[in-house]
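The values are calculated or read from the model by the stated rules, or taken from the named source; none is laboratory data. Because the structure is predicted, anything quoted here is derived from the model rather than measured. No Cβ is skipped: glycine too gets one built from the backbone with ideal geometry, and neighbour counts run over all protein chains shown. For accessibility, only protein heavy atoms count, side chains too; no ligands or nucleic acids. Shrake-Rupley method; radii C 1.70, N 1.55, O 1.52, S 1.80 Å.
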Amino acid sequence: MIIAKNLTKRYGKITALNNVSFTIEAGEAVALWGANGAGKTTTLRCLLGVQGFEGELTVNGINVSRNGKAARAAIGYVPQEAAFYDMTVLETLRFYARLKKTDPQRVNDVLEQVQLTAHGSKRVNMLSGGMKQRLALAVALLADPPVLVLDEPTANLDVKAQRDFIHTVQMLNQSGKTIVFSSHRLDEVIALGSRVIVLSDGELMLECRPHELAEKLGLHRWLRIWVATQHKENTLKVLDEQGFTYMPNGRSVYVQVNLGGKIAPLRLLEMASIPVEDFDLIDGELVIQEENHG
Ligand code: ATP
């Protein structure tokens, strides 16, 4: 569905993308992963045909450089935060349906696809962040494109809205849409992605399955657990016996957990009758700050 060969994009002296090649099959859900400035947005903008680039890019068999408009027609695009006029949800969709010259009947279909049917008469300014993103998704679906491109679509959403949104995109993927999305969130890459393309300083660093990402990149997840001082010694003993990697820090202890196993240390302490006062989840490398021991 998408073939990129030696995709290169330079902004003056900055090389935002350097000879990046990848193929995305129809029906895949591919995540673009990388630090800020790695080239994710640039890759998506090339796909959309909204900027020039070197190399070759085809979307649905259409050469993007030669026929940007036709290639764009194969893509529905959802930005990180869409701007809408202050109309109702229905008016907004009818407006875009006219603009895109799609059958007005599509408005009801897409409303249903993003579960906004009950909110058609609400003004856009009254919608929650999650609903606004659903509306952006509905707009992207109007022309029924085979590909959906989403640039960090949940970056501004709370956890519940993020999960709901990702679930909706999962359904669309299951119904046959090819999905390309950028994300900083490991959990959603794992939930939605069938494959991850990792970019680093404009280069394709690796491609892997989502569940391999943390290990391949050396990413870790830590559970920080607070227990009362009198339980500290026993906590460390129990964690030690069960083979956890941990680091005590004042009244808390950092425990390294698997992506799917964040609850395991909590269950263990519960079984050992050690009351947990609080806990927190930390992604990535541990930076332990000194704290008062109390
Ligand atoms: P983020 O997660 O911050 O969105 P990203 O992976 O999407 O990062 P890009 O936005 O693609 O990264 O940027 C890649 C590189 O290109 C960066 O060094 C960025 O500063 C540079 N860049 C992007 N757009 C422009 C532009 N219009 N003019 C000049 N440099 C740009």
> When the residues of the stretch 23-50 are filtered to those that are open to solvent by 10 Å² or more (accessible area, probe 1.4 Å) and away from the ligand (no atom under 15 Å from the Cβ), which remaining residue is farthest from Q174 (Cα to Cα)?
Replying inline: G49
>> Checking E91 against (1) part of a helix (DSSP H, G or I); (2) touching a strand residue (DSSP E or B) at 6+ places or on another chain (Cβ under 8 Å); (3) not polar (S, T, N, Q), only one condition comes out false. Which one?
In response: (2)
> Looking at the stretch 1-22, which of its residues are among the aliphatic types (A, V, I, L, M), touching a residue at least 24 places away in the same chain (Cβ under 8 Å) and either within 15 Å of the ligand (Cβ to nearest atom) or not in a strand (DSSP E or B) (or both)?
Replying inline: M1, A4, L7, A16, L17, V20
> Would the stretch 224-240 turn up any residue that is open to solvent by less than 60 Å² (accessible area, probe 1.4 Å), touching a strand residue (DSSP E or B) at 6+ places or on another chain (Cβ under 7 Å) and touching a residue at least 60 places away in the same chain (Cβ under 8 Å)?
Replying inline: no
> Mind checking whether some residue in the stretch 188-195 is closer than 24 Å to T42 by Cβ and among the basic types (K, R)?
Replying inline: yes
>> If Q113 meets every condition in (1) of a type in the set (S, T, N, Q); (2) open to solvent by 80 Å² or more (accessible area, probe 1.4 Å); (3) under 21 Å from K177 (Cα atoms) apart from one, which number is that one?
In response: (2)
>> Show the residue pairs meeting these rules: Cβ distance below 7 Å; 6+ apart or different chains; first residue within the stretch 119-145 and among the β-branched types (V, I, T); second residue assigned to a helix (DSSP H, G or I).
In response: V124/V89; V124/T92; V124/K132; V124/L135; V139/L93; V139/Y96
>> Among (1) assigned to a helix (DSSP H, G or I); (2) under 25 Å from G130 (Cα atoms), there is one condition K69 misses while meeting the rest; what is its number?
In response: (2)
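Listed here are the residues, each with its yes/no results for (1) at pLDDT 90 or above; (2) within 11 Å of A143 (Cα to Cα); (3) open to solvent by 60 Å² or more (accessible area, probe 1.4 Å).
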site	(1), (2), (3)
A70	yes, no, no
I75	yes, yes, no
V78	yes, no, no
E81	no, no, yes
L90	yes, no, no
L93	yes, no, no
K101	yes, yes, yes
V107	yes, yes, no
> Any idea which of E277, E285 is modelled with pLDDT of 90 or more and not in a helix (DSSP H, G or I)?
Replying inline: E277
>> Based on this model, can you work out whether S200 counts as buried (at least 20 other Cβ atoms within 10 Å of the Cβ), modelled with pLDDT of 90 or more, within 16 Å of the ligand (Cβ to nearest atom) and under 30 Å from K13 (Cβ atoms)?
In response: no
> Is there a residue in the stretch 272-280 that is under 29 Å from I190 (Cα atoms) and either aliphatic (A, V, I, L, M) or surrounded by 15 or more Cβ atoms within 10 Å (Cβ to Cβ) (or both)?
Replying inline: yes
